[in-house]
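Engineer: First the structure, then my questions, so here it is.
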Amino acid sequence: MNTQETIAQFKQFRQEIYDAFDHRADALMELLDALSSTPDARSVVELSLSSFFRRGYGSAYDAIAHFFQASDPEKAIEEQRAWEQKLLRLKVAYLSPPQDRKFWLLGTDAVSIPRLFAQTLEDRAFVYQPNVPGGNKPITIGHQYSAQVIYPEKDPASGFPWVVPLSIRRIRSEETATTVGKEQIDALLGDKTLPCHQELCVHVADSTYSAVLFLGPTEKHKNLVNAVRLRGNRVFYHQPEPVTGKRKLGRRPWYGEPFSMKDPTTWGEPDALAETTLTTCKGQTYRVQLEGWPGTLWVLLMRGKKDLPMHQKPFTLIRVRVLDEQGRPVFQHTLWLIVIGQRRAELSLVEAWEAYAQRYDVEHFFRFGKQRLLMAAFQTPEVTHEENWLAFVSLVYMQLWLAREIVEALPRPWEQYLPQPEGQVASPSAVQRGLGRILREIGTPAQAPKPRGNAPGRAKGTRLTRRNRHRVVKKSQTTRETASNST
C-alpha cells in the first residue's frame, strides 16, 4: 500500500469513528486528536490546552461521559456490549489478513488501574501491581481491566512492538480475569461478520489463563488454539493403559500415570524435538531447544470439573529451554507451554513458541498507555466514566497504529546518533510526536464550536448531596469460587 492509499485509509477510519459517536461527536473527535498528538500532558484536563481541542475544559469531561451512555439503565450492560461490538467490527475492518503466518494471533491480559484515594468510587478492590522493592506485596487498590488485542505480523523494517487493542472490559470484583477473557473471546469469535469466526486463530496468554475454567469453555470454538504458559508445579496425566482380559465392574479409568512437571522421571521421552534461535533487541542470539509431547507417543490429559470433562481434550505440552553459546540456560526457570484446541496439530513446535514469544508486546501497550496516553490518570468518581476512558484510550492507540506509516520519525537532538534505516516504521512515541502535523494537513470531520452565551449555573440555594463512601472489596476464596461457578 502506497502513501496516498494509506492516507486515504487513515481519513476513512477517522470519518467512520466520527460517525460512530452517538453523542458529543465533535468534542470526542477533538479530544481524540488532542490525546493522539500531546505526549507531554500530565492530566486529562491539560488536553483542553491543545490546539486541536477548540472547546472549554468542561467539554472534555462531558465528552468522556457521553462516549457511551445507556438509554435504559436496566439494559445498560446489553447496550454496552453492543457498543463494544460496534467498535470491534470497525477496528477489525482495518486489519490486514496474515501473510507470513497462517493464523490470526490474539492475546488477552489484565492491567490494573490504581485508585488508592478514590473513596467515592464503587467496586474498588485489591488488585495486582508489580512492586520492585523486595518484601513489598505486589498489590494496590483500584480496578482491573481485561484487554483483548491482536498481534500484527512483525514488520521486517521495524521491530517496534505494536499491538491492535480490540476491547477493554472492566473486571468486576465478583469476576475473574479468566471469566471476562472468555467472554471477550466469545464476542470476537462468535461474530459471523468477522474473519476470526472461521479462520484459524491462536490465542496466547500468561499462566493465569491456563486454568480449566478458561481452557475448557473456549475449546468450543473449533478454529481456536490456545498457547498458554504453565506454572512449573502443574501435574497432568498420561492416557490410561488399555484394559486387558476380563473387564472389571465400574467406570473405566480416565487418567493414567501422573506427569509431574517438577519430576523429570514421570515425563518419558518427548514425542518431538525442534530447535530455533532467539535474537534480543540488543542483537544477542540464543539457541532455543523445544521438547514436545504432541500426543503421537504419549497422550497427556488434565483433570477437569463436573461440567468440563477435560479427559476428552488432549493437548500438546512444550518445554522451552533458552541456551547461550556455551549451552548454559539463560533463565533460571524452564518455560512450559500448553497448546490446546481442535486444530492444534496445525501448529509446529516452533510456530507455537514464536506465537507465544510475541505475547509480551501487550506489556509495551500498557506501559505506553500509562506513560503517554494517561490510561491511569483519569480521576472520576463514576465507574462508567472510567470504563469509557479506557475504551477511548484504546481507540486513540488504534489511530496511532494506523498512522505509523505516514508519520516520519522525528528524532530529538540526543537521538540523532541512533541508526535510522530507510523505510523504518515509527515507534508509538514517534507517531504521537509527529501526528499533529498530519492532522493539520488532513483536517478533522468535527465541526467548530458555536458560542451559546454564558451558562446560568446552579440555582441559588442549591445544596449538593455528599457522595457515598465505599469500602474496598477484599476478594475471598468464596468470592472466587462464586465467580468460577457462575461460568
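The values are calculated or read from the model by the stated rules, or taken from the named source; none is laboratory data. Predicted, not measured: the structure shown is a model, and the values here were computed from it. With ideal geometry, Cβ positions are generated from the backbone for all residues, glycine too; neighbour counts draw on all protein chains shown.
Engineer: Given the conditions (1) over 26 Å from the mean Cα position of the chain (by Cα); (2) assigned to a loop (DSSP other than H, G, I, E, B); (3) within 21 Å of Ser394 (Cβ to Cβ), report the number of the one that Arg42 does not fulfil.
Structural biologist: Of (1) over 26 Å from the mean Cα position of the chain (by Cα); (2) assigned to a loop (DSSP other than H, G, I, E, B); (3) within 21 Å of Ser394 (Cβ to Cβ), only one is false for Arg42: (1).
Engineer: Starting from segment 307-336, keep only residues that are within 20 Å of Trp267 (Cα to Cα), then list their pairs with residues that are exposed (fewer than 14 other Cβ atoms within 10 Å of the Cβ) and of a type in the set (Phe, Trp, Tyr) whose Cβ atoms are within a distance under 8 Å, requiring at least 6 positions of separation or different chains.
Structural biologist: Matching pairs, first to second residue: Val322/Phe331.
Engineer: Further question on the same structure: Answer yes if at least one residue in segment 359-369 is over 17 Å from Thr280 (Cα atoms), at pLDDT 95 or above, basic (Lys, Arg) and out of contact with any Ser or Thr (no Cβ under 8 Å at 6 or more places or on another chain), and no otherwise.
Structural biologist: Taking every residue of segment 359-369 in turn, at least one turns out to be over 17 Å from Thr280 (Cα atoms), at pLDDT 95 or above, basic (Lys, Arg) and out of contact with any Ser or Thr (no Cβ under 8 Å at 6 or more places or on another chain).
Engineer: How about segment 268-285: which of its residues are surrounded by 15 or more Cβ atoms within 10 Å (Cβ to Cβ) and farther than 18 Å from Ala355 by Cβ?
Structural biologist: Pro270, Asp271 - these are the residues of segment 268-285 that are surrounded by 15 or more Cβ atoms within 10 Å (Cβ to Cβ) and farther than 18 Å from Ala355 by Cβ.
To keep it simple, each residue is scored yes or no on (1) exposed (fewer than 12 other Cβ atoms within 10 Å of the Cβ); (2) among the hydrophobic types (A, V, I, L, M, F, W, C); (3) out of contact with any strand residue (DSSP E or B) (no Cβ under 8 Å at 6 or more places or on another chain).
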residue	(1), (2), (3)
Gly190	no, no, yes
His203	no, no, no
Gly216	no, no, no
Asn223	no, no, no
Ala227	no, yes, no
Val235	no, yes, no
Arg251	yes, no, yes
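Engineer: With the requirement that a residue be in contact with a helix residue (DSSP H, G or I) (Cβ under 9 Å, 6 or more places away or on another chain) and of a type outside the set (Gly, Ala, Ser), what does segment 372-385 give you?
Structural biologist: Arg372, Leu373, Leu374, Met375, Phe378, Gln379, Thr380, Glu382, Thr384, His385
Engineer: Take the residues of segment 79-134 that are farther than 17 Å from Val383 by Cα and of a type in the set (Val, Ile, Thr): which is surrounded by the fewest Cβ atoms within 10 Å (Cβ to Cβ)?
Structural biologist: Of everything passing the filter in segment 79-134, Val132 is surrounded by the fewest Cβ atoms within 10 Å (Cβ to Cβ).
Engineer: Is it true that Leu47 is hydrophobic (A, V, I, L, M, F, W, C), over 30 Å from Pro195 (Cβ atoms) and crowded, with 17+ Cβ neighbours inside 10 Å?
Structural biologist: yes
Engineer: Taking Val127 as the residue in question, decide whether it is within 29 Å of Lys282 (Cα to Cα) and either touching a Lys or Arg at 6+ places or on another chain (Cβ under 8 Å) or modelled with pLDDT under 95 (or both).
Structural biologist: no
Engineer: May I pose another question? Those residues that are touching a residue at least 12 places away in the same chain (Cβ under 8 Å) and either assigned to a helix (DSSP H, G or I) or among the basic types (Lys, Arg) (or both), I need them from segment 60-75; list them, please.
Structural biologist: Once the filter is applied, which keeps residues that are touching a residue at least 12 places away in the same chain (Cβ under 8 Å) and either assigned to a helix (DSSP H, G or I) or among the basic types (Lys, Arg) (or both), segment 60-75 yields Ala60, Tyr61, Asp62, Ala63, Ile64, Ala65.
Engineer: If I filter segment 338-378 down to residues being among the hydroxyl-bearing types (Ser, Thr, Tyr) and either in contact with a Pro (Cβ under 8 Å, 6 or more places away or on another chain) or buried (at least 21 other Cβ atoms within 10 Å of the Cβ) (or both), which single residue comes out as farthest from Leu200 (Cα to Cα)?
Structural biologist: In this case the residue turns out to be Tyr360.
Engineer: I'd like the full set of residues that are assigned to a loop (DSSP other than H, G, I, E, B) and aromatic (Phe, Trp, Tyr), limited to segment 336-384.
Structural biologist: Listed by number, the list holds a single entry, Phe378.
Engineer: Okay, moving on. If you check every pair at least six apart or on different chains, which have Cβ atoms under 8 Å apart with a residue in segment 399-427 that is within 30 Å of Leu28 (Cα to Cα) and at pLDDT below 70 first and a residue that is hydroxyl-bearing (Ser, Thr, Tyr) and in a loop (DSSP other than H, G, I, E, B) second?
Structural biologist: Ala409/Ser427
Engineer: Determine which single condition Gln15 fails, assuming it passes every other condition in (1) of a type outside the set (Phe, Trp, Tyr); (2) assigned to a helix (DSSP H, G or I); (3) more than 19 Å from Ile406 (Cβ to Cβ); (4) in contact (Cβ under 8 Å) with a residue 40 or more places away in the chain.
Structural biologist: All conditions pass for Gln15, except number (3).
Engineer: Looking at the structure I just gave you, is Leu121 aliphatic (A, V, I, L, M), at pLDDT 95 or above and part of a loop (DSSP other than H, G, I, E, B)?
Structural biologist: For Leu121, the condition - aliphatic (A, V, I, L, M), at pLDDT 95 or above and part of a loop (DSSP other than H, G, I, E, B) - is met.
Engineer: Pick out, from segment 255-333, the strands (runs of 3 or more DSSP E) lying fully within it that include 1 or more residues that are touching a strand residue (DSSP E or B) at 6+ places or on another chain (Cβ under 9 Å) and aliphatic (A, V, I, L, M).
Structural biologist: Once the strands (runs of 3 or more DSSP E) in segment 255-333 are filtered for at least 1 residues that are touching a strand residue (DSSP E or B) at 6+ places or on another chain (Cβ under 9 Å) and aliphatic (A, V, I, L, M), what remains is 272-279, 285-293, 316-323.
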